[in-house]
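Presented below is the structure to which this report refers.
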């Protein structure tokens, strides 16, 4: 029997035969209210409906509500229980989704202290994500650029960013990308970081400093090609994707491709546009009824688009394994 007598409510997904662990996708946003949890839950459900074993982890620290998007009751065990545990594995805190090969590690009802994790607590979570018994682990992150959020994001193999056609959301998305790229630079050797800082302080011509990451990488390639390769290798380790949510006007669909181009121009890194989701009242209806949108309204345009996005990412994973 587990602590608090909740053994019957804990799912036990069988371990993958591969030793590399599950694939990890992180869903993030520059600001709140852009449908991040809806995308996380729907992608997880879409993967499970295609036969993949999925565990969703609610890492929206201090504001976790992924269980509501999944139509699950209030969780019996949470992320805080795992953080405080000493001799229990992370898989003992996964709660099952009904009739699907999927589960949830929830952060609902966690205390305020979980929003300000200590470094060793954050590292415990990141280290144990690879030990979850699943094919895919989906991280639903908090909005914004807090260090904990950025570190969870860059720990994933794929980073999926939700944006809405609103100036504040767009600005915050670019800020999030800049912070994430900057945070990744901690992973390269100290000498490479020093050279990059020196290049960022150089002047381009006589008028202005080098300001974009793309220009800095180009300068690094010319001056220090070996260090440039280290930087590019680290930045390329994570595949980045963009979803435009809450589309109302036909012109809103132009946002995704334009942001992808801007990302390549200013950051020198690819940002794949996965597609858009139209504004849909059925999403609100599903949330109010505490039902998962994807399985409640599977014929809606947004649900079909989410299924296509999940299938496209699965196809990319399959081709990378070939």
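Listing 179, 69, 263, 20 from fewest to most neighbouring C-beta atoms within 10 Å gives 20, 179, 263, 69.
Rg/Rh, computed from the Cα trace of the chain with Rh as the Kirkwood radius, has the value 0.98. Between 0 and 90 degrees, rounded to the nearest ten: what's the tilt of helix 36-49 against the longest Cα principal axis of the chain? Relative to the chain, helix 36-49 is tipped by roughly 60 degrees. Label separation (residue 237 vs residue 131): 2.1 nm, computed from points 7 Å beyond Cα along the C-beta direction. Restricting the calculation to Cα atoms, segment 75-182 yields a radius of gyration followed by a Dmax of 15.2, 47 Å.
Across the alpha-carbon atoms of segment 65-121, the computed radius of gyration and Dmax are 12.0, 37 angstrom.
If you look at the Cα atoms of segment 133-282, you get an Rg and a Dmax of 16.9, 56 Å. Estimated from the Cβ-Cβ distance and a Förster radius of 30 angstrom, the FRET efficiency linking residue 197 and residue 311 is about 0.10. Of 94, 55, 77, the sequence from fewest to most neighbouring Cβ atoms within 10 angstrom is 77, 94, 55. Taking every alpha-carbon pair under 8 Å whose residues sit at least 6 apart, the chain reaches a relative contact order of 23 percent. Semi-axes of the equivalent ellipsoid of segment 260-319 are 29, 15, 9 Å, computed as sqrt(5λ) over the eigenvalues of the C-alpha gyration tensor in descending order. How much of the calculated P(r) for segment 206-257 lies past 15 Å, in percent of all Cα pairs? So the portion of pairs separated by more than 15 Å is 64 percent.
Every read-out reported here was derived from the displayed coordinates using simple, explicitly stated rules and does not represent laboratory data. No experiment lies behind these values; they were computed from the predicted model shown. Please note: Cβ atoms are built from the backbone with ideal geometry, for glycine as well, and neighbour counts cover all protein chains shown.
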